[in-house]
Amino acid sequence: MNRGGAVLGERLGQLREELRRAVRGRGRERERAVLILRSVVASTLAWAVAALVMDSSQVAFAPFSALLVVRPSVYRSVLDSSRYVAAVFLGVLAAGAAGLTVGVHLWAFALVVLVALVVGQASLFRDQGRQIPVVAAFAFAGGTAASVEPLGEILIMVCVGSASALLTQLVLAPSVRFRDAEDAVHGFADSLAYLVDEIAAGLHEGREGLDTRRWVRIAQSLTATRENARAAVEAQDERVRFNPRKLLMRNGSTVSLRTYREWINAMDRASWHLRSITSTLDTLERGPRRLPPQSEDFLHVYGDLLDAVSDVLWTLHEDRAWESDQVPQDLSRRLECAQDAVDRCQRELEHTRGGSDWHVRGALLTDVERLLHELSEGRTGAEQG
């Protein structure tokens, strides 16, 4: 009993903390609380309207439907409500087709559910496909499949519930804000910059500073960072679509999500080459063909190149280039300086052709050049809009 009381007290404490965070400011807790509020309003409105529209035993379908189609964004509610109404229509159609022709029998019920389950697998319905067999089974087993009137009432109640949910979503539409998307893209740029900084610092220390295993691990984790950034931008895109609050935004305050996507894609491609750099360094440091002692000078030079790349990434970070279609001039200047440094190193490499590590140096320089090229492509894509 004491253990149960302790668990209950812990749960209540967690609930109080979540409520406190929901009241304090925006975040996951507040979004969850607002979604609950919308669901309560939508289902209550649906029941009230359904009771006014007609005196029917199927009135429960209205609030039930409203609860099923309330979503965090207006766009997602429109999408799910259209799929849900279509799924219910097909479920009612399947039940009615059997009930009105062959009657309500056990074998007919099995056939109806089988057909509904098969139709519900269509990708068009997504998660709402499961409603086809649910509605068909409910209508058939409940005895309403033998009459047209109750089947029609189910459809009316579903439409009332969906309409109530959409109206609630429009009135209590989520705010149009870009902070989550901004922070996600900002975090991606930070992750790249911090890793390049760490590699450059290690190279300046010579072979003693080569923590290649850690660099490889961090570089591989950039895939998850990219996915988080993309998910945040797509979530913001859904939040904006069909949102009436867009009309209240001042002219010029709309941020182009296309620019966000351009920079995410550019940084993603740049991260491929950064992974290649870490992999090459790790192979040289830990593999059978280790770096020769004379490569110390090259490590310092390569560290200088990565410092130039770091300047580009930190300028991208500080100027928040993804927040505008106009690329900052400082970013363009630093990209050109970094590319000039790579060109100088490549010319010097051509003059010193030969040696056991000549091809490795060329590969590392090529990776830096391609990394800068991808960032330059991101700049070009953002400018072209």
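The values are calculated or read from the model by the stated rules, or taken from the named source; none is laboratory data. Small disclaimer: the values here were computed from a predicted structure and weren't measured. For neighbour counting, all protein chains shown are included, and Cβ atoms are generated from backbone atoms with ideal geometry for every residue, glycine included.
Would you please name the residue that is modelled with the highest pLDDT, looking only at residues in the stretch 147-179 that are buried (at least 17 other Cβ atoms within 10 Å of the Cβ) and either more than 29 Å from G91 (Cβ to Cβ) or in contact with a Gly (Cβ under 6 Å, 6 or more places away or on another chain) (or both)?
Within the stretch 147-179, the match that is modelled with the highest pLDDT is L151.
With respect to V69, is the statement that it is within 22 Å of the chain's Cα centre (by Cα) and either hydrophobic (A, V, I, L, M, F, W, C) or assigned by TED's automatic domain parsing to the domain that holds M157 (or both) true?
Details: within 22 Å of the chain's Cα centre (by Cα): yes; either hydrophobic (A, V, I, L, M, F, W, C) or assigned by TED's automatic domain parsing to the domain that holds M157 (or both): yes.
Answer is yes for this residue.
Quick test for you: out of V112, V85, V102, pick the one residue that is aliphatic (A, V, I, L, M) and touching a residue at least 60 places away in the same chain (Cβ under 8 Å). Step through it out loud before you land on a result.
On the way: V112 fails: touching a residue at least 60 places away in the same chain (Cβ under 8 Å); V102 fails: touching a residue at least 60 places away in the same chain (Cβ under 8 Å).
So the residue among V112, V85, V102 that is aliphatic (A, V, I, L, M) and touching a residue at least 60 places away in the same chain (Cβ under 8 Å) is V85.
Could you tell me which residue of the stretch 44-82 is surrounded by the fewest Cβ atoms within 10 Å (Cβ to Cβ), considering only residues that are touching a residue at least 40 places away in the same chain (Cβ under 8 Å) and among the polar types (S, T, N, Q)?
Selected residue: S57.
In this structure, is A189 aliphatic (A, V, I, L, M), closer than 30 Å to Q58 by Cα, crowded, with 19+ Cβ neighbours inside 10 Å and under 30 Å from the mean Cα position of the chain (by Cα)?
On the way: aliphatic (A, V, I, L, M): yes; closer than 30 Å to Q58 by Cα: no; crowded, with 19+ Cβ neighbours inside 10 Å: yes; under 30 Å from the mean Cα position of the chain (by Cα): yes.
No.
Answer yes or no: is there a residue in the stretch 33-47 that is touching a Phe, Trp or Tyr at 6+ places or on another chain (Cβ under 9 Å), among the aliphatic types (A, V, I, L, M) and at pLDDT 95 or above. Walk me through it before giving the result.
Of all residues in the stretch 33-47, those touching a Phe, Trp or Tyr at 6+ places or on another chain (Cβ under 9 Å) come to 43, 46.
Subset that is among the aliphatic types (A, V, I, L, M): 46.
Narrowing the set further to residues that are at pLDDT 95 or above leaves 46.
Yes, the conditions are met somewhere in the stretch 33-47.
May I ask you to list the residues in the stretch 202-218 that are of a type outside the set (V, I, T) and either closer than 19 Å to S310 by Cα or modelled with pLDDT of 90 or more (or both)?
First, pick out the residues of the stretch 202-218 that are of a type outside the set (V, I, T): 202-211, 213-215, 217.
Of everything in the stretch 202-218, those that are of a type outside the set (V, I, T) and either closer than 19 Å to S310 by Cα or modelled with pLDDT of 90 or more (or both) turn out to be G202, L203, H204, E205, G206, G209, L210, D211, R213, R214, W215, R217.
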